[in-house]
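Participant: First the structure, then my questions, so here it is.
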Amino acid sequence: MAPAPLPLPAIHASHVGIWIADAHGRVQRVGRGEAIAAVATTPHLLLGAPLTGDRLGYPELSGLDLLELFAFLYPARFAVPTPAGLAAALGLAPPRAEADIAAFLPRAAAAMLESIDDPDWPEREGAWHSLAALERQRWPLAPLLKPRFSAPEQSDRWLFARLPEWEETPPRAAPRQVRLDSAGVAAGLDRLTGDGAERRSGQQDYARAVAAIFAPRERKDAPHMLVAEAGTGIGKTLGYLAPAKQWIDASAGAICISTFTKALQRQLARETEKLYPDPETHREKVVVRKGRENYLCLLNLEDALQGGFSGRAAILAQLVARWAAYTRDGDMIGGDLPGWLPALFRRNGTTALTDRRGECIYAGCPHFRKCFIERSARAATQADIIIANHALTMVQAARPRDGGAPASRLIFDEGHHLWDAADSMFAAALTGQEAVEIRRWILGPEGKSRGRRRGLAARLADVASYDEAGEEAIQMAITAAAELPGDGWLARLAENDPWGATERLLAAVRAQVYARSIEAKGADSGYGLETELADPDAALVSAAAGASDAIEALLRPLLALGKRLDALIEDPPDWLDGQARARVDGARASLGTRIDTLGAWLSLLGRVGGPANPDFVDWLAVDRFDGREYDCGLHRHWLDPARPVAEIVYRPAQGVLVTSATLRGGHDGDAGWRDADIRTGARHMESYVGHFAVASPFDYARQSEVLIVTDIARGDLPALAGAYSRLIEASGGGALGLFSAIRRLRIVHARIADRLARAGLPLYAQHVDPLDTGTLVDIFRADPHASLLGTDALRDGVDVPGDSLRLVVMEGVPWPRPTILHAARRAAQGGAAYDDMVIRGRIAQAFGRLIRRADDFGQFVMLSPSFPSRLLRAFPEGTPVRRLPLDEAVNRVAAANVAQRESAYAFPPS
């Protein structure tokens, strides 16, 4: 029997209207002013204060947020943060209409509170302790919970007492040299796909081709390498997991699977459950690895709980502590921390609870043996399969001192993203923000920071106490770091009052950018400015020389300190116990990263007034958002960022697979593989690189069509908004709208959200709704009537099969931005052909969101009156393509929607 609703008022606000339920459950529709007056005087139950506040036009709204209650009662559990999602998580019947939601919230609150009385409530331990702390922070929900709690009879283990300690393990032995046989690979794939599954010849061929990368290597720096395109629906994940598992079992080796996004890492982890069905075995054999900035830092959390945070941020810290006691792995970004939880606290996010500045004190931390980061790193050394992202895989290859996975075979899934990942990884930027970070790493937090001081001297206090040369190097570095930009540097640049050599350099950069750049006009103006690093004026040359001297003055003591730390490890003195050694090891790793950065800065400064290096593209930039400056400086990127990937990442491996559904950009034959080899770096390998392709099994002629709308002029925002609205209404929701500019996305959303809501079609948007991208995708996936607007992250990282995604709309051809970097690469890689390669890849990825299963069907709409015919190769062979005006496109989308409802998988004829 369901509990009685709580006798409390509740509010629900949407694009359709605002409803308030009084304490007796009577619901009334009210105006915005009446609603604001009500919630300002009496706390109301609500679901997601930031989103509700946005709908009310009252951004400072607070109340009894059921999402906060859910996070307290069910830490590390998943729930879509909507009324229907909450109902599903609680086992309740969802509200049928918007008008029913306000009355539903008191019922949901009562159902949640009933968990406290359940003797089998799994998250009971630690709840009483957390509630007492939240009550001291004046958490609005504490009075509802306190009467239902009593002090535990036995001592209640709280956060740090609950967390297990990791243990050191011996190094893993090198893998045995084995060869795979085709019959064994096929049998392994059959086991993974299931006895009753239809045997797909394309997947079998793909698995046999992949097996080649597991053969013993014949010579050093010459891995077996395969570049393989497997069309959507082939089942490439199981296709490479089958030979991988056979090799792991035969060789006792380990593999690293690298992908592009955290969401794709989660998907891969779920797929590997078929290899290791037992949960305990899966946790041991498969480890998801991310950069340390993704994980909760227990020392930062302790600081926050002991007064480092105040107000709403202190409540967030308590809820994160509650989660930390139950989390699987401590991953705050894409793990089991609800993505919507930090958003509930608006500006008080969770970034201060992770190690984003390399301030870790390693064994000096009282929680070192329970550290989530250290546990993950050590688990990876023993795992059979390490699932990483491209950025981390490249970091570990480029900086082996940071610790890498013991994997001799590398599989790069979503390999079409390797170019972009490498472009970011191997770039250099001497900017104000980057310089501030190094200053803080050396000096520690400045100003009124309440946190502990974590400068270099504090982290290496024992070295300074016992090693005179080390102490001298630390003090010299501290003195030199004062020349780097400090707090308020942007304001000083705007006032032309720079402090120190590096700020004078940034001031000269800023002046030259504004003097020489050409600011864009029209819809996308107000964003970043840039100019080539060519023929610099005398002020910039002089400032670069001064900054170079200052950076060299900082680099010298850091190099000396690095040598002293190396000497301490090689010939440890009596005072260097186990914890001090771990502290020194950690400092060596982070010190090496900063030394590399400073060396890259000196190389970049040597370019000012000097000859250009043909391997790099150098430029000056002022970074702005909505016309507001937030950074400026000098930038250097590889002209071909895939070159260091081949040299640093591929060559040391024994075997490498680079795979994706869209490697060839729509080309067949040699032209397609030429594009693929450029984007992946395979063309830089001296050893043989194999190529393999298998087409998608989907019947695109029956399951999809492309509609190119010919009467929406580029730049006509009212017409663009009208097109999106009409198409989404015709499809009945289930639409993914893709934009190349945030400003246009926001304008379109503002024009159409209310209209669609009145039609019963919820619309969500990146950069508009106060929710993270993962949560927006969860909401979109859960509601077949919802639609989602977004930018590049949605074009590449959304896997929403079935009825929830049946229409993709692109605002136009995704032309590359005409930046200095793109112009240089365009000139080096074949001019317009390079542009076409990039564009086809983007369109193919967007189209690939649409058909994910054999029973999916949908339409891809391009709002482009002059879409070039040469780009049609981005779509799979056989896909129907029609050029038509908007009215006809809307009719076809509506007809397809009706056909889908009638389970007819063929689109209406032309």
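Participant: In the stretch 34-47, which residues are surrounded by fewer than 22 Cβ atoms within 10 Å (Cβ to Cβ) and either in contact with a strand residue (DSSP E or B) (Cβ under 8 Å, 6 or more places away or on another chain) or not hydroxyl-bearing (Ser, Thr, Tyr) (or both)? Lay out the reasoning, then the answer.
Facilitator: Of the stretch 34-47, the ones surrounded by fewer than 22 Cβ atoms within 10 Å (Cβ to Cβ) are 34, 36-38, 40-43.
Across the stretch 34-47, the qualifying residues are Glu34, Ile36, Ala37, Ala38, Ala40, Pro43.
Participant: So, in the stretch 595-646, how many residues would count as being aliphatic (A, V, I, L, M) and in a helix (DSSP H, G or I)? Can you show your working first?
Facilitator: Initial filter on the stretch 595-646 (aliphatic (A, V, I, L, M)): 595, 598, 600, 602, 604-605, 608, 612, 617, 620-622, 634, 639, 642, 645-646.
Among the residues that remain, those that are also in a helix (DSSP H, G or I) are: 595, 598, 600, 602, 604-605, 642, 645-646.
Of the residues in that region, 9 qualify.
Participant: Just the residues that are more than 21 Å from Val287 (Cα to Cα) and β-branched (Val, Ile, Thr), please, taken from the stretch 357-380.
Facilitator: Ile361
Participant: Exactly one of these conditions fails for Val178: (1) at pLDDT 90 or above; (2) over 21 Å from Ala252 (Cα atoms). Give me its number.
Facilitator: Single failed check for Val178: (2).
Participant: Also: Spot the failing condition for Lys146; the list is (1) at pLDDT 90 or above; (2) surrounded by 14 or more Cβ atoms within 10 Å (Cβ to Cβ); (3) in the same structural domain as Ala212 (by TED's automatic domain parsing), and only one is missed.
Facilitator: The one condition Lys146 does not meet is (3).
Participant: A further question follows. Can you name the residue in the stretch 421-445 that is among the polar types (S, T, N, Q) and part of a helix (DSSP H, G or I) and is also farthest from Ala398 (Cα to Cα) among such residues?
Facilitator: From the stretch 421-445, those among the polar types (S, T, N, Q) are 424, 431, 433; that's our starting set.
Cutting the leftovers down to part of a helix (DSSP H, G or I) gives us 424, 433.
On the way: Ser424: 13, Gln433: 23 Å.
The extreme case among them is Gln433.
Participant: Then there's this: Can you tell me which condition Ile708 does not meet? The list is (1) assigned to a strand (DSSP E or B); (2) out of contact with any Pro (no Cβ under 6 Å at 6 or more places or on another chain); (3) in the same structural domain as Arg217 (by TED's automatic domain parsing), and all the others hold.
Facilitator: Single failed check for Ile708: (3).
Participant: So Pro171 ticks every box in (1) assigned by TED's automatic domain parsing to the domain that holds Ala407; (2) part of a helix (DSSP H, G or I) but one. Which box is left unticked?
Facilitator: (2)
Participant: Please give the number of the condition Asp549 fails out of (1) of a type outside the set (A, V, I, L, M); (2) under 36 Å from the mean Cα position of the chain (by Cα); (3) part of a helix (DSSP H, G or I); (4) within 30 Å of Val509 (Cα to Cα).
Facilitator: (2)
Participant: What single numbered condition from (1) among the basic types (Lys, Arg); (2) closer than 22 Å to Leu456 by Cα; (3) in contact with a Pro (Cβ under 9 Å, 6 or more places away or on another chain) fails to hold for Lys563?
Facilitator: (3)
Participant: Consider Ala543 carefully, then state whether it is modelled with pLDDT of 90 or more, of a type in the set (Gly, Ala, Ser) and either surrounded by 15 or more Cβ atoms within 10 Å (Cβ to Cβ) or in the same structural domain as Asp623 (by TED's automatic domain parsing) (or both). Write out each step before concluding.
Facilitator: Details: modelled with pLDDT of 90 or more: yes; of a type in the set (Gly, Ala, Ser): yes; either surrounded by 15 or more Cβ atoms within 10 Å (Cβ to Cβ) or in the same structural domain as Asp623 (by TED's automatic domain parsing) (or both): yes.
Considered against the rule, which asks whether it is modelled with pLDDT of 90 or more, of a type in the set (Gly, Ala, Ser) and either surrounded by 15 or more Cβ atoms within 10 Å (Cβ to Cβ) or in the same structural domain as Asp623 (by TED's automatic domain parsing) (or both), Ala543 comes out as yes.
Participant: If I filter the stretch 243-260 down to residues being more than 28 Å from the chain's Cα centre (by Cα), among the aliphatic types (A, V, I, L, M) and part of a helix (DSSP H, G or I), which single residue comes out as farthest from Leu418 (Cα to Cα)?
Facilitator: Per the stated criteria, the residue is Ala250.
Participant: A follow-up question, please. Could you list, in sequence order, the residues of the stretch 671-705 that are small (Gly, Ala, Ser) and part of a loop (DSSP other than H, G, I, E, B)? It would help to see each step written out before you state the result.
Facilitator: Residues of the stretch 671-705 small (Gly, Ala, Ser): 671-672, 676, 681-682, 687, 690, 693, 695-696, 701, 704.
Within the stretch 671-705, Gly681, Ser687, Ala695, Ser696 meet the criteria.
Participant: Taking the condition more than 26 Å from Thr659 (Cα to Cα) and either out of contact with any Lys or Arg (no Cβ under 7 Å at 6 or more places or on another chain) or not in a loop (DSSP other than H, G, I, E, B) (or both), does Ala713 pass? Before you say what the answer is, go through the steps one by one.
Facilitator: Details: more than 26 Å from Thr659 (Cα to Cα): yes; either out of contact with any Lys or Arg (no Cβ under 7 Å at 6 or more places or on another chain) or not in a loop (DSSP other than H, G, I, E, B) (or both): yes.
Considered against the rule, which asks whether it is more than 26 Å from Thr659 (Cα to Cα) and either out of contact with any Lys or Arg (no Cβ under 7 Å at 6 or more places or on another chain) or not in a loop (DSSP other than H, G, I, E, B) (or both), Ala713 comes out as yes.
Participant: Right, something else. I want to confirm something. Restricting to the stretch 485-521 and keeping residues that are in contact with a Ser or Thr (Cβ under 9 Å, 6 or more places away or on another chain) and of a type in the set (S, T, N, Q), which single residue is nearest to Arg817 (Cα to Cα)?
Facilitator: Among those residues, the one meeting the criterion is Ser517.
Participant: Taking the stretch 126-138 on its own, how many of its residues are of a type outside the set (Ser, Thr, Tyr) and under 13 Å from Leu73 (Cβ atoms)?
Facilitator: Filtering the stretch 126-138 for residues of a type outside the set (Ser, Thr, Tyr) gives 126-129, 131-138.
From what's left, under 13 Å from Leu73 (Cβ atoms): 126-128, 131, 134.
Number satisfying all stated conditions: 5.
Participant: Would a scan of the stretch 612-628 turn up a residue that is modelled with pLDDT of 95 or more, of a type in the set (A, V, I, L, M, F, W, C) and touching a Ser or Thr at 6+ places or on another chain (Cβ under 7 Å)?
Facilitator: yes
Participant: Has the stretch 217-232 got any residue that is without any contact (Cβ under 8 Å) to a residue 40 or more places away in the chain and within 31 Å of the chain's Cα centre (by Cα)?
Facilitator: no
Participant: Would you mind stating whether Leu591 is assigned to a helix (DSSP H, G or I), free of Cβ contacts under 8 Å to residues at least 40 places away in the same chain and either loosely packed, with under 15 Cβ neighbours inside 10 Å or not assigned by TED's automatic domain parsing to the domain that holds Val395 (or both)? Talk me through it step by step, then tell me what you get.
Facilitator: Details: assigned to a helix (DSSP H, G or I): yes; free of Cβ contacts under 8 Å to residues at least 40 places away in the same chain: yes; either loosely packed, with under 15 Cβ neighbours inside 10 Å or not assigned by TED's automatic domain parsing to the domain that holds Val395 (or both): yes.
When the stated conditions are applied, Leu591 passes them.
Participant: Select, from Ser201, Ser258, the only residue that is polar (S, T, N, Q) and surrounded by fewer than 21 Cβ atoms within 10 Å (Cβ to Cβ).
Facilitator: Numbers: Ser258 fails: surrounded by fewer than 21 Cβ atoms within 10 Å (Cβ to Cβ).
Checking each option against the conditions leaves just Ser201.
Participant: A further question on this structure: Go through the stretch 801-835 and give me each residue that's without any contact (Cβ under 8 Å) to a residue 40 or more places away in the chain and part of a helix (DSSP H, G or I).
Facilitator: Step one: filter the stretch 801-835 for residues without any contact (Cβ under 8 Å) to a residue 40 or more places away in the chain, giving 816-818, 822-823, 826-827, 830-835.
Of everything in the stretch 801-835, those that are without any contact (Cβ under 8 Å) to a residue 40 or more places away in the chain and part of a helix (DSSP H, G or I) turn out to be His822, Ala823, Arg826, Ala827, Ala832, Ala833, Tyr834, Asp835.
Participant: Filter the stretch 476-511 down to residues that are at negative phi, of a type in the set (S, T, N, Q) and free of Cβ contacts under 8 Å to residues at least 24 places away in the same chain, then give me how many there are. Full working, then the answer.
Facilitator: First, pick out the residues of the stretch 476-511 that are at negative phi: 476-487, 489-495, 497-499, 501-511.
Those left that are additionally of a type in the set (S, T, N, Q): 479, 502.
Then keep just the ones that are free of Cβ contacts under 8 Å to residues at least 24 places away in the same chain; that gives 479.
Residues that pass the stated criteria total 1.
Participant: For the stretch 285-390, please list each of the helices (runs of 4 or more DSSP H) lying entirely inside it that holds at least 2 residues being touching a helix residue (DSSP H, G or I) at 6+ places or on another chain (Cβ under 7 Å) and either within 25 Å of Asp585 (Cβ to Cβ) or in the same structural domain as Leu456 (by TED's automatic domain parsing) (or both).
Facilitator: Working: elements: 298-303, 312-324, 372-382.
Hits in the stretch 285-390: 298-303, 372-382.
Participant: Determine which member of the set Arg840, Arg852 is assigned to a loop (DSSP other than H, G, I, E, B) and in contact (Cβ under 8 Å) with a residue 12 or more places away in the chain. Write out each step before concluding.
Facilitator: Details: Arg840 fails: assigned to a loop (DSSP other than H, G, I, E, B).
Exactly one residue qualifies, and that residue is Arg852.
Participant: Hey, can you tell me all the residues within the stretch 873-890 that are in a helix (DSSP H, G or I) and either small (Gly, Ala, Ser) or over 21 Å from Asp803 (Cβ atoms) (or both)? I'd like the intermediate steps shown before the answer.
Facilitator: So the first thing to find is which residues in the stretch 873-890 are in a helix (DSSP H, G or I), and the list is 873-874, 886-890.
Scanning the stretch 873-890 gives Arg873, Ala874, Leu886, Asp887, Glu888, Ala889.
Participant: Name the residues in the stretch 805-815 that are buried (at least 21 other Cβ atoms within 10 Å of the Cβ) and either β-branched (Val, Ile, Thr) or farther than 22 Å from Arg870 by Cβ (or both), would you?
Facilitator: Of everything in the stretch 805-815, those that are buried (at least 21 other Cβ atoms within 10 Å of the Cβ) and either β-branched (Val, Ile, Thr) or farther than 22 Å from Arg870 by Cβ (or both) turn out to be Leu805, Arg806, Leu807, Val808, Val809.
Participant: Kindly provide the set of residues from the stretch 647-670 that are within 28 Å of Ala428 (Cα to Cα) and in a helix (DSSP H, G or I), ordered by number.
Facilitator: Glu647, Ile648, Val649, Tyr650
The values are calculated or read from the model by the stated rules, or taken from the named source; none is laboratory data. Note that the structure is predicted; figures quoted are calculated from it, not measured. Here Cβ is always computed from backbone atoms with ideal geometry, including for glycine, and neighbour counts include all displayed protein chains.
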